Each structure stands twice: as C-alpha cells, then as structure tokens.
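Participant: Here it is: the structure, laid out below.
The values are calculated or read from the model by the stated rules, or taken from the named source; none is laboratory data. Please read these numbers as outputs of a predicted model, since none were measured by experiment. No Cβ is skipped: glycine too gets one built from the backbone with ideal geometry, and neighbour counts run over all protein chains shown. Accessible surface is based on the protein model in full, side chains and every heavy atom, while ligands, DNA and RNA are left aside. Shrake-Rupley method; radii C 1.70, N 1.55, O 1.52, S 1.80 Å.
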Amino acid sequence: MTVADQARAFLGMALCGACIGAAYDMMALCVRGKFMTAAGDLAMGALGAICVTAVGLMMQCEAFRLYTLLGVSAGWGLYACSLGTFVRILTKRCTKCQKK
C-alpha cells in the first residue's frame, strides 16, 4: 500500500470517527441511569467496529491498521473539540429547560 493510499484511508477513517462522535452525542440524549449508560457504551463499541469495518471494505483497505485506527481517533477528537462542543452546550440548555 502506498503512502497516498494510507493517507486516503486515514482521511476516510477520520470522517468515520467524526460520524461516530456525532452518533455518540445523539445517543447521550436518550441515556439515563447506570444500566442504560453501560448498554449505550456497548452499543457504541459495536457501532464503531461496524463502521470501521464497513469503511475499510468500501475503501478496499485494511481496516485494522494503526493509521486507520488513529484516523478514527483523530476524527472523533476533532468533532469533540469543534462541533461537539456546541452540541453538548445546546444539549445542556435543552435539558435544563425541560426540568423547569
């Protein structure tokens, strides 16, 4: 695999990681209690594995290489630091309004 192919796989997995981060924030709206939190975390792990495998198959690359897994982490981290911050702020405000 050439360096260009690895970079393409890294960027594809970064986009996958951002989507997984968005799904995690959306799931956090529904999760309440210890049992549901544990079930949600297990579901997110399964969703992440399915997404990484699916993107790897679509891009015809090896999905479980270090650069692909780093790409998922980088994408999730970039989402969490940028758009995810606004989503969490809006979620807290909406939850606060619902409790009144």
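Participant: Add -39500 (n - 2.57) for each DSSP H run of 4 or more in the chain, then divide by its residues: what number comes out at 222 nm, to the nearest 500 deg cm²/dmol?
Facilitator: -29500 deg cm²/dmol
Participant: Further, regarding this structure: How many Å² of accessible area per residue for the chain, probe 1.4 Å?
Facilitator: Accessible area per residue: 69 Å².
Participant: Could you compute how much accessible surface Phe10 exposes when probed at 1.4 Å, giving the result in Å² to the nearest 10?
Facilitator: Phe10 has an accessible surface of roughly 70 Å² with all protein chains in place.
Participant: Let me ask something else about it. Run through all the Cα pairs of the range 26-100 and give the fraction in each 5 Å bin from 0, expressed as whole percent.
Facilitator: Histogram of Cα-Cα distances, whole percents per bin: 3, 13, 16, 19, 20, 14, 8, 4, 2, 1, 0.
Participant: Grab the beta carbon distance between Thr85 and Leu29, set R0 = 22 Å, and tell me the FRET efficiency rounded to 0.05.
Facilitator: 0.90
Participant: Excluding residues on the same chain fewer than 8 positions from Lys34, give the aspartates and glutamates whose Cα lies under 19 Å from its Cα.
Facilitator: Within reach: Asp25.
Participant: I'd like to verify something in the chain: which complete DSSP H helices, judged by Cα projection on the helix axis, reach 24 Å or more and average at least -0.5 on the Kyte-Doolittle scale?
Facilitator: Those that pass (Cα extent of 24 Å or more, hydropathy at least -0.5) are 3-28, 34-59, 83-99.
Participant: Considering only DSSP states other than H, G, I, E and B, which trypsin sites (Lys or Arg not before Pro) in the range 1-67 qualify as loop sites with at most 12 other Cβ atoms within 10 Å?
Facilitator: Arg32
Participant: Given +1 on the Cβ of Lys and Arg, -1 on the Cβ of Asp and Glu, and no further charges, what dipole in debye does the chain carry about its Cα centre, rounded to the nearest 20?
Facilitator: Here the size comes out at about 800 debye.
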